[in-house]
1. State, to one decimal in nm², a quarter of the convex hull surface area for the C-alpha atoms of segment 232-280, i.e. the direction-averaged projected area.
2. List, in the order given, every pair from Lys203/Lys263; Lys151/Lys269; Lys47/Lys196; Lys43/Lys269; Lys47/Lys151; Lys203/Lys269 whose Cα-Cα distance in the structure shown is over 30 Å.
3. Which listed residue (Ile267, Pro202, Gln280) has the Cα farthest towards the positive end of the charge dipole for segment 143-291, taking +1 on Lys and Arg C-beta and -1 on Asp and Glu C-beta about the Cα centre?
4. Once you list every other residue whose beta carbon is under 14 Å from the beta carbon of Phe206, what net charge do they have if Lys and Arg are +1 and Asp and Glu are -1?
5. Quote the charge dipole size of segment 92-224 about the Cα centre in Debye, to the nearest 20; the model charges only the Cβ of Lys and Arg (+1) and of Asp and Glu (-1).
6. Residue farthest toward the positive end of the dipole of segment 150-304, with Cβ of Lys/Arg at +1 and Asp/Glu at -1: which of Asn188, Phe291, Val254?
7. I need the peptides 9-15, 162-168 ranked by packing, meaning the mean over residues of other C-beta atoms within 10 angstrom, with the highest value on top.
8. Classify segment 142-189 as rounded, prolate or oblate from the Cα gyration tensor: take a ≥ b ≥ c as the square roots of its eigenvalues, call it rounded if a/c is under 1.5, otherwise prolate when a/b beats b/c and oblate if not.
Amino acid sequence: MGLLIQWSFTQGFILGQLLTISVIYVFLRFFLFCNPPPQDLAKEEEKIEAIKSQQSKSSPSSPPSVANATDSARHYFQDTHSTLDSEFLDALYNVNEHEPESLDWFNVLIAQALTQFRHDASSNNVALRKLEAVLNKGTQDRTMVDHIYVKNLSLGRGFPVFSHCRVLRREQGSSQLRAEMLVSLNDNLTCTVETKLLLNFPKPSFATLPLSITISMRRFVGKMMIHFSPSNGADQPAYFNFSFDPDFVISLEVNSLIGARSKLQDIPKITQLIDSRVRQWFIARCVSPQFQQIAIPNFWPTSAKEGHARSQTTSADMHGNM
């Protein structure tokens, strides 16, 4: 029988402390304070140039005559049962030969609309309160994060630039079209949130750790695609569908601060985690084959609306006669 090593209380206590310190050191060194992969700015610029070059490719155009376009349009609108055929498209916009458009006029309109949007969002901190409500949706189901407070929200001062717009067929030989355009934004969109990390053992909220995170988006470059989905009747309205090409560039800057007295600043692992989650959120909602929709309202009155209006008119007449 082998000899059993007898440990005194002091030796066991010292060994336990050394093991605890070693585990904490490994966790801090290789998990929280590991160096993030260096940002390759040259590779990012090369990717942006590749996106622009791909979107700029087009054959020389030969503009259609105005007379032919007018005749085709007149014939199209006279026949109410016709569909958007290739002859009509080629007369107005030859998708195979048309040069990419600059969209300068569109950029001016977007800049004016965005200016009004920022003004409305800043009044009474409407956007800040809305964002805080969204972040805290389902907070009761969280066990490690306290209520999230949005301390600062800046919607920037720059404007997106749309360029190199082209109209292409969604499928070969199809009358369904899509518009592709390059979107570039250089700005400083910033959001600062504060919360607390909770330790719920051995009892709820046994310990808390303050956490402050600032996320800034500096740059975005990508190709946006827009296509039209027609209505199938009264059940489903028509939509404009927006999506982005998977080959996009987004530059984020994340600053973090953990602790109350002894604070840890800009922890690399938190930066990587938030950067990854923001990209996953964008890809899951806006990157093809996923898309966002804007419903097109039906401006023509339906029988249900007309009947409702007639019933109200008849009721008003009856009350007036009484």
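Throughout, read-outs are computed from the coordinates displayed, never taken from laboratory work. Just so we're clear, the structure is a prediction, and the values are computed from it rather than from any experiment. In this analysis, Cβ positions are derived from the backbone assuming ideal geometry, glycine residues included, and neighbour counts consider all displayed protein chains.
1. The directionally averaged projection comes out at 6.7 nm².
2. On the way: Lys203/Lys263 25 Å; Lys151/Lys269 23 Å; Lys47/Lys196 38 Å; Lys43/Lys269 23 Å; Lys47/Lys151 34 Å; Lys203/Lys269 28 Å.
Cα-Cα > 30 Å for Lys47/Lys196; Lys47/Lys151; rest within.
3. Going by the charge dipole, the pick is Pro202.
4. Details: positive: Lys196, Lys203; negative: Asp146.
Spelling it out: positives minus negatives among the neighbours equals +1.
5. Approximately 480 debye in magnitude.
6. So the residue we want is Val254.
7. So the peptides 9-15, 162-168, ranked by packing, come out 162-168, 9-15.
8. Since a/c reaches 1.5 but b/c is at least a/b, the shape of segment 142-189 is classed as oblate.
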